[in-house]
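Novice: Please find one structure pasted underneath; my questions will follow.
Taken together, the values in this text are just the output of simple stated rules run on the coordinates, not laboratory data. Everything numeric here is computed off the predicted structure, so don't read it as measured data. Neighbour counts run over all protein chains shown; Cβ positions are idealised from the backbone, glycine included.
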Amino acid sequence: MAKYLLLKHYRGAPTPVNDVPMDRWTEQEISAHMQYMHDFAARLEDTGEFVDGQALSPEGTFVRYDGEGRPPVTDGPFAETKDLIAGWMAIDVDTYDRALELAGELSAAPGAGGKPIHEWLEVRPFLTAPPTVME
Amino acid sequence: MEEHRLRTLTPSVIGILVRRGADFAAAEDAVQDALVEAVRLWAIEPPRDPKGWLVTVAWRKFLDAARADASRRRREELVEDQPAPGPGASVDDTLQLYFLCAHPSLTPASAVALTLRAVGGLTTRQIAQAYLVPEATMAQRISRAKRTVADVRFDQPGDLATVLRVLYLVFNEGYAGDVDLAAEAIRLTRQLAAVIDHEEVAGLLALMLLHHARRSARTRPDGTLVPLAQQDRSLWDTRLIAEGVELLQTALARDRIGEFQAQAAVAALHADAWTAEETDWVQIVEWYDELVRLTDNPVVRLNRAVAVGEADGPRAGLAALAEIDPTLPRHAAVAAYLHERDGDVATAARLYAEAARQAPNLQERDHLTRQAARLNAGPRD
């Protein structure tokens, strides 16, 4: 088993095929999308492959240490060009191909016109603890 | 015995152990261990005297732990000198536990966790699941909280306002997993109301009951939010409403108004309207004025602007909104609603989309996105 992170972007990913913002969809299309996402997660829980899923607010700030006794320096909200994560789903699957297959399914979630969004998702392997047997 | 009835015994059993000389942290651990054993054994053979059983087992657990810790001689000596079974002062003990667990030296998150465990009798795992953090994290939070209050004397008077604040926080977390936090908060507030006669405790309990009464009308089967005005009021729990209203009336009759009574009064006025149109918005505005006077809370001002919009029209609501800091959470959502009522659909749609981006949770984001979508779809029909 290996864990992968499926990352969804507000910004920074290539433009999806069906690129219409959600507030321009019909309410039925929004419902269909939500149902698809919900069913997808439920199915992964059933197969024992679901680890975690979270959504993030689009608002974020860069922060860094600014020296002893000084408050941290903040920069942001992010400039328009920056990569912006919208949320993630962590999965635990047998193979890399399975991770790609699931990401493909998630990307097929319906959007405007009830057609798949074809959204670009990023698949990132987790770095895990070293195995007991290495030689 | 059902698990939640078993858990109601938790604070008084801890209290008895403390009176016998156990320190709070050790007593709390021992009672948790006894509860776990009770859940396992009572299913097979329930005891005749559940509380007596818990006291006996918890005390034994405490002794075992004390003996195992050889460095703690003092406690061992205490053990040898075992006192008679504690006096029946469990009402005071329960109240003292509320005060201790909501002690002002604790952060809100710590106070909530400690209250749920020591007063509510929930396990660390249940609390961790409810707040979506790892069990080890919650265990640390609780043990740090216990260390923080280790030097607080068990018999010194506590601060009721912080207790109410903690219970309100638990209630507002609602439902997130196996543990129904709203129901748990109601149970703990009922238990508090049983040991202290105070109008704000009654006010908080009334507030919780009146909001809980609407629970099944508040979401659709698919999980989407239903705004108050569109709720199917026949789904409201009339029994809870009646209880909440009666509690509130008794509290208000004392003429010592507080913020929870005032909030409950707003909820009671909503509960009193069979349809959204029948809502007495003029009186609701008056209660919000009272709340502004009591708390000067910007969130209250925001809610007041909505009420003014209903009582005196959307322009009046927008005028009230203009005096409120626009960076406040949900400001854009309120502005969107008032602009839509005022007939400015384009502005409302833009503001709903903006409000969705700022939404603090997925349900609200979904709801606000749908509002924007509904208005954007309008001209196409």
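Novice: Compute the convex hull volume of the Cα atoms of chain B, divide it by the residue count, and report the result per residue in Å³ as a whole number.
Specialist: 164 Å³
Novice: From the Cα gyration tensor of chain A, with a ≥ b ≥ c the square roots of its eigenvalues, which class applies: rounded if a/c is under 1.5, or else prolate if a/b is larger than b/c, or else oblate?
Specialist: Oblate, since a/c reaches 1.5 and b/c is not below a/b.
Novice: Give the shape of segment B:258-318 as rounded, prolate or oblate, defined through the alpha-carbon gyration tensor: a ≥ b ≥ c are the square roots of its eigenvalues, a/c under 1.5 means rounded, and otherwise the shape is prolate if a/b is larger than b/c and oblate if not.
Specialist: oblate
Novice: If you don't mind, another one. Helix-only estimate, please: 222 nm mean residue ellipticity of chain B, summing -39500 (n - 2.57) across DSSP H runs of length 4 or more and dividing by its residues, to the nearest 500.
Specialist: Value at 222 nm, helices only: -21000 deg cm²/dmol.
Novice: Alpha carbon centre of segment B:27-43 versus segment B:255-302: separation in Å?
Specialist: Spelled out, the Cα-based centre of one part sits 43 Å from the other.
Novice: May I ask you to sort B:Asp232, B:Asp344 by Cβ crowding, counting other Cβ atoms within 10 Å and putting the fewest first?
Specialist: In increasing order of surrounding Cβ atoms, one gets B:Asp232, B:Asp344.
Novice: Does segment B:168-319 come out rounded, prolate or oblate by the C-alpha gyration tensor, with a ≥ b ≥ c the root eigenvalues, rounded set by a/c under 1.5 and, if not, prolate when a/b is larger than b/c and oblate if not?
Specialist: Oblate is the answer for segment B:168-319, as a/c is 1.5 or above yet b/c matches or exceeds a/b.
Novice: Hey, another quick one. Helix B:238-252 against the longest principal axis of chain B: what's the angle in degrees, Cα atoms only, rounded to the nearest 10?
Specialist: Relative to chain B, helix B:238-252 is tipped by roughly 80 degrees.
Novice: As an exercise, take the mean of 1/r over every pair of distinct alpha carbons in the protein assembly as shown, invert it, and state the Kirkwood radius in angstroms.
Specialist: Every distinct Cα pair counted, the radius reaches 26.6 Å.
Novice: Hey, another quick one. Just want the ordering: B:Thr347, B:Thr279, from fewest to most Cβ atoms lying within 10 Å of their own Cβ.
Specialist: The most exposed by this proxy come first: B:Thr347, B:Thr279.
Novice: Quick one: order A:Tyr96, A:Tyr65, B:Tyr98, B:Tyr131 by neighbouring beta-carbon count within 10 Å, fewest to most.
Specialist: The order, fewest Cβ neighbours first, is A:Tyr65, A:Tyr96, B:Tyr131, B:Tyr98.
Novice: Report, to the nearest 10°, how far helix B:345-358 tilts away from the longest principal axis of the Cα atoms in chain B, using its own Cα long axis and a range of 0 to 90°.
Specialist: The angle comes out at about 20 degrees.
Novice: Report, to the nearest 10°, how far helix B:24-42 tilts away from the longest principal axis of the Cα atoms in chain B, using its own Cα long axis and a range of 0 to 90°.
Specialist: 90 degrees
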